[in-house]
Every structure is written in C-alpha cells, then in structure tokens.
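Undergrad: Before I ask anything, here is the structure I am working with.
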Amino acid sequence: MRRKVLPKKKKSAIIKRKRFLYNGRGMKMNTYIGIDLGTSGTKLLLVAADGRILAENTQTYPVFYPQSGWSEQNPEDWYSAALRGMEELLKGQDRDAVKGISFGGQMHGLVALDKEDNVIRPAILWNDGRTEKQTGYLNESVGKDKLSAYTGNIAFAGFTAPKILWMKENEPQNFARIAKIMLPKDYLAYRLSGAFVTDYSDASGMLLLDVKGRRWSKEMCKICAIDETLLPSLYESYEIVGTLKKEIAAPLGLSENVKIAAGAGDNAAAAVGTGVVGEGGCNISLGTSGTLFVSSEKYKEDKVNALHSFCHADGGWHLMGCILSAASCNTWWSDKILQTNDYAREQAGLEEKFGKNDVYFLPYLMGERSPHNDVNARGAFIGMRADTTRGEMTLAVLEGVTFALRDCLEAAKKNGADVKSTRLCGGGAKSPLWRKIVASVMNMPVEIPQTEQGPAFGAAMLAMVGCGEYKTVKEAADTIVRVKQTVLPDNAVAVRYARRYAHFTKLYPALKGVF
C-alpha cells in the first residue's frame, strides 16, 4: 500500500520574500546604504534610488570617560556595529540591488594607527575637553591670525590638531608609533575597503586642512610635528574611493563591486539629507550636539572667530556654529534628573509659557564651542524662585539650547549670511513644542523634511551621486528631499523671546569668572 504523500508547504509560508523595487520603466531599482557613525551609536539606512527608506537599524556602543572632561571610544566597536547593522539592515532585502555605501560621521575624533594597522589608543572624541593647554598654545602662541591664514579657522578644544599635540606631549611613546591619522568615519571606510582616505568636509574640522585651497596645510603639519604622509588622501564627499572587500562582502551577501563613497562629516551629511546645498541654505540640528549650518557656493572666512569655515559635501563651503550639548541637555534633564523618558508628558502644556518663563538655562554641560570657545563653561539654571515649577525648568532647558543656537545665528549674520528660513533635523526636532520654540526664537520659518534621518540619509545620497544615479549633490537633493511641514514663528512670542534672548546673552559673561 502506497503511503499518501502530503503536499509540500509553499516556501513563501516560511521564508520571507525578498523585496524587489522597480522604477517607472519597469527596471529594478538600485539601493544604497547610508551609515551614520554617531557618538551613542551607529544608524544605518537602506535607501532606494528614489529616496524611499526600505530599512533602518541602529547599533549602540559605550563612551568611556577616563577622567573628568575626557571622552573616548574604541574604534573596533564602530566597525563591529557597522557589520552587525548591515546584516540586520539587509534581512529580507534584495542584496543584489545594493550598489553603494557611504558615511556621515562624528567629526574631529583622533584615530591613530601604527604600521601594522593596530589602533594605538582609544579614539579621543569631538566633545573631549583635555586639550585646553594645546588649544591655548595654538590660538595664543601660534596666533589666531596665522591659524586663520593656514586653515580658515582658529583652534577649538574639540579639533583634531590640539589632540595630536596633546598626544605628543603626554603620550610620546604612542605618538612615535603613529603611521596613520584618520577620523572616525574614515576608519570604517578603511576597514571596509582598504582605502586610506577622508573627505574635505570632515578634514576641515581637523585644523590641518587649508579649507579655501582644499589641501593639507604644510604649516599646520609642521606645527603638529607630523609628516603629511600620515594623513589620508583627500576626496570630495561624493567621490568613489574603493569597493567593498571580498571577505566582508561575501558574508553579507553583497557584491565585492559595491562602491564606497568618501562620505562627509555628520553635519555636512545632515545638510545634504535635509536639502541644504548651494547658496544660502540653512539647517539646524538638534542632536547630541547642536549645529547651525549655512551653505555657500563661495568660501567665507569667519571674521569674528565664533564659527567654523568648512568645506561642504556638495563641493562648496559652509559656515557652521556648534554647541556641544543640545538634545543631550534634555536627555540629561529628563532621564538623569527627573528620571523619566516620557518627553511628551514633560512638555505638555508648556506652550502658554513661551517668552514668559522666569528661568534661564545655560546648556554648557560639556563646555562650549561656538561662540565662546571655553572648555570650562558649565551648565546652570538661573532665576529660580520658591514657586518655580518642574515644567518651567523643562522649558528653560529647551529655550537655553535654542538661545545658544541663536548665538550662532547672530555670528553668521555678522559674517554676511542672509538666512530667511531653516530646515530642522536631529532627535530634538521630533518635539512639536521644540519646533515652535526654534521658529519663534530664530524668528523665521522652520521647515521639517519628510525624512528626518539626517546624516544617514545624506550619506546614502552621496553614494547615489558617486554611483551615477544623480549628476550632482544638488540634483539629488532637489529630486529626493521634500518638506512635510513648515512651522511659522508667532510674532508676539518672537518679540518676547527677543527680549529674553537679550538677557540670555548677558549670563555667560557674568559667570565666566565663576566657571
């Protein structure tokens, strides 16, 4: 007697089908990976050539604080996170469609490798404040005028050059072993492709680049006692620098022909991702740090020594003000002090206090960069009374960060910037309340992009340009980036905030001696 044969289960019932995308002409659409190497974690996006986000993944890792004011990470953690993230990102996706990878990355960090490509010491991060002495030497002994002539910028404690000098003075044995100096995202590019490269936007924040001339500064190399051969080759952010190593591509199910574009510093990548390219665009980022970014087709040197004059990822330039603590201030206040992560509940009902709050907050939890350039600056609540409420202090935190960014806007105006509106991105931009505060404090329309993924989205766009999907970064931005909401300033609130901002500007000078 024959045994009855049961029908086989359809594979689709147990296997997740790959997702195939097609364009309007019936052709399979290419996809691109954007990697945002952040401080708290790495975020990855898989983006179709038309800008649709197909998948996203975030991998976290620790920050180490060996001493007060120090901030370090292990570069191997970044690499491991990128590999884990790509594997998770590509589950159920058409891996054959992936054509390019690029990066947005935390800027200024010092990654030093020896001649065997071993990491010599943990990376010193952008928000590390140990280089007060070296920063003072550069600004005062070398001189701000010379630094501006060599690089277009003065020294800030977070920049890479002061870190190199610190390493030379405090870890001479480690300094003597250096064979390669690179930035965080460039370490990923090196591990994935073998290409020892950086891009102009990220290199601008090292204080080693002649920003106007787009070349390494021989004078700064001499000052830092390093040979130019220790520095990576320079590329535009959208240029292809190599392909994915075979031993990395195979386990991921990717082609070894997947191209690697140079990528950009996180702020330049975020600007690309929000469509801030060309002349006169503006983007405000409310991330761990906060930035005000004004794009330009022409080189503009900051004459008031408050902002950074950097190359942009679109091949142009930009002025940028950076505050070291932005959304991280709200995280500190809510998570650590109030011990809640229900941000919406904490912000409920605060709109009626706009411009009427008696409490001020100085957001200098990690020192400050723009415009004060003071590693010793500290956070402070000012103006509290016996009847001050929890809500008023929460509002003061959001207002204080925004006032600090208004400092950057005023410095940009002094340098000739004519900003009519701004895009807004970063974790803090998810707060409807904070969006309204930004609009009225800055007294300009605030545009919220359809995609609020910032650096990772911009990185994917740079890979698209490098692979030929779009001819220029501007073409990619014009095609892909859309605005979903515009928040207009409230005229009455803007007047009240103008008065409060005038008071805010007096607080840091009054407390500087105490800090």
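The values are calculated or read from the model by the stated rules, or taken from the named source; none is laboratory data. All values reported here derive from a predicted model rather than from experimental measurement. Note that we place each Cβ from the backbone using ideal geometry, even for glycine, and neighbour counts take in every protein chain shown. When the accessible area is computed, the model is the full protein with side chains, heavy atoms only, and any ligands, DNA or RNA have been set aside. Shrake-Rupley method; radii C 1.70, N 1.55, O 1.52, S 1.80 Å.
Undergrad: Solvent-accessible area per residue for the stretch 338-454 at a 1.4 Å probe radius, Å²? Walk me through the numbers on the way to the answer.
TA: Details: 4610 Å² over 117 residues.
Value for the stretch 338-454: 39 Å² per residue.
Undergrad: While we're looking at this one, here's another question. Give, in nm to one decimal, the length gained when the segment between SER40 and GLN450 is fully stretched (0.36 nm per residue of separation minus the Cα-Cα distance).
TA: Numbers: separation 410, 0.36 × 410 = 147.60 nm, distance 2.40 nm.
Residue separation times 0.36 nm, minus the Cα-Cα distance, leaves 145.2 nm.
Undergrad: Oh, and also: What accessible area per residue, rounded to a whole number of Å², is obtained for the stretch 88-176 using a probe radius of 1.4 Å?
TA: Numbers: 3100 Å² over 89 residues.
Heavy-atom accessible area per residue stands at 35 Å².
Undergrad: Where only protein heavy atoms count, and the probe is 1.4 Å, what is the accessible area per residue for the stretch 260-302 in Å²? If you can, show how the numbers build up before the last one.
TA: Values: 890 Å² over 43 residues.
On a per-residue basis, 21 Å².
Undergrad: Roughly how many debye, to the nearest 20, is the charge dipole of the stretch 50-123 about its Cα centre, given +1 on each Lys and Arg Cβ, -1 on each Asp and Glu Cβ, and no other charges?
TA: Working: 7 positive and 12 negative charges, 25 e Å.
Here the stretch 50-123 has a charge dipole of around 120 debye.
Undergrad: Give, in nm to one decimal, the length gained when the segment between PHE515 and ASP50 is fully stretched (0.36 nm per residue of separation minus the Cα-Cα distance).
TA: Values: separation 465, 0.36 × 465 = 167.40 nm, distance 5.02 nm.
Answer, rounded to one decimal: 162.4 nm.
Undergrad: Report, in debye and to the nearest 20, how large the dipole of the chain comes out about its Cα centre when Lys and Arg carry +1 and Asp and Glu carry -1 on their Cβ. Can you show the working numbers first?
TA: Details: 67 positive and 56 negative charges, 435 e Å.
For the chain, the charge dipole is close to 2100 debye.
Undergrad: If the limit is 26 Å between Cα atoms, which of LYS144/LYS414; LYS146/LYS506; LYS303/LYS506; LYS144/LYS218; LYS91/LYS474; LYS185/LYS245 go over it?
TA: Values: LYS144/LYS414 18 Å; LYS146/LYS506 30 Å; LYS303/LYS506 22 Å; LYS144/LYS218 17 Å; LYS91/LYS474 31 Å; LYS185/LYS245 17 Å.
In this structure, LYS146/LYS506; LYS91/LYS474 lie more than 26 Å apart at Cα.
Undergrad: Restrict the search to the stretch 217-299; then list the trypsin sites (Lys or Arg not before Pro) that DSSP places in a loop and that have at most 13 other Cβ atoms within 10 Å of their Cβ. All intermediate terms of the calculation are to be shown ahead of the outcome.
TA: Details: sites: LYS218, LYS222, LYS245, LYS246, LYS259, LYS298; in loops: LYS245, LYS298.
Passing sites in the stretch 217-299 are LYS298.
Undergrad: Now for a separate question. Find how many whole Å separate the alpha carbon centroid of the stretch 330-351 from the alpha carbon centroid of the stretch 208-223.
TA: Using only Cα atoms, the two centres lie 44 Å from each other.
Undergrad: Going by Cα centres, the stretch 250-280 and the stretch 97-115 are how many Å apart?
TA: Cα centroid to Cα centroid, the span is 11 Å.
Undergrad: Same structure again: For the stretch 299-435, which whole percent of the accessible surface, found with a 1.4 angstrom probe, sits on carbon and sulfur atoms? Kindly include the intermediate steps, with their values, before the conclusion.
TA: Numbers: 2480 of 5240 Å².
In the stretch 299-435, the share of accessible area belonging to carbon and sulfur is 47 percent.
Undergrad: For the stretch 123-149 and the stretch 441-515, what is the centre-to-centre distance using only Cα atoms, to the nearest Å?
TA: Answer, in whole Å: 28.
Undergrad: What are the trypsin sites (Lys or Arg not before Pro) within the stretch 91-175 that DSSP puts in a loop, where the Cβ has at most 13 other Cβ atoms within 10 Å? If you can, show how the numbers build up before the last one.
TA: On the way: sites: LYS91, ARG95, LYS99, LYS115, ARG130, LYS133, LYS144, LYS146, LYS163, LYS168; in loops: LYS91, LYS115, ARG130.
Hits after loop and neighbour filter: LYS91, LYS115.
Undergrad: Further, regarding this structure: At 7 Å along Cα-to-Cβ for each site, give me the label-to-label distance between GLU247 and ALA386 in nm.
TA: 7.1 nm
Undergrad: With +1 on the Cβ of every Lys and Arg and -1 on the Cβ of every Asp and Glu, and nothing else charged, how large is the dipole of the stretch 289-370 about its Cα centre, in debye rounded to the nearest 20?
TA: Values: 8 positive and 11 negative charges, 36 e Å.
Here the stretch 289-370 has a charge dipole of around 180 debye.
Undergrad: Kindly flag which residue pairs out of LYS300/LYS484; LYS259/LYS484; LYS115/LYS246 have an alpha-carbon separation exceeding 27 Å in this structure. Write down the numbers at each step before the final one.
TA: Working: LYS300/LYS484 31 Å; LYS259/LYS484 31 Å; LYS115/LYS246 23 Å.
With Cα atoms farther than 27 Å apart: LYS300/LYS484; LYS259/LYS484.
Undergrad: Okay, moving on. How high is the FRET efficiency between ASN341 and SER421 when r is their beta carbon distance and R₀ equals 22 Å, given to the nearest 0.05? Walk me through the intermediate numbers first.
TA: Values: r = 31 Å, r/R0 = 1.43.
Step by step, r from the Cβ atoms, then E = 0.10.
Undergrad: Sticking with the crude label model, points 7 Å out along Cα→Cβ, report the distance from LYS356 to ARG214 in nm, one decimal please.
TA: For the pair LYS356/ARG214, the computed spacing is 5.3 nm.
Undergrad: Another question, then. Ignoring ligands, DNA and RNA, what percent of the 1.4 Å accessible area of the stretch 97-184 is carbon and sulfur? Don't skip to the end; give the middle numbers.
TA: Working: 1270 of 2900 Å².
Accessible surface attributable to carbon and sulfur in the stretch 97-184 totals 44 percent.
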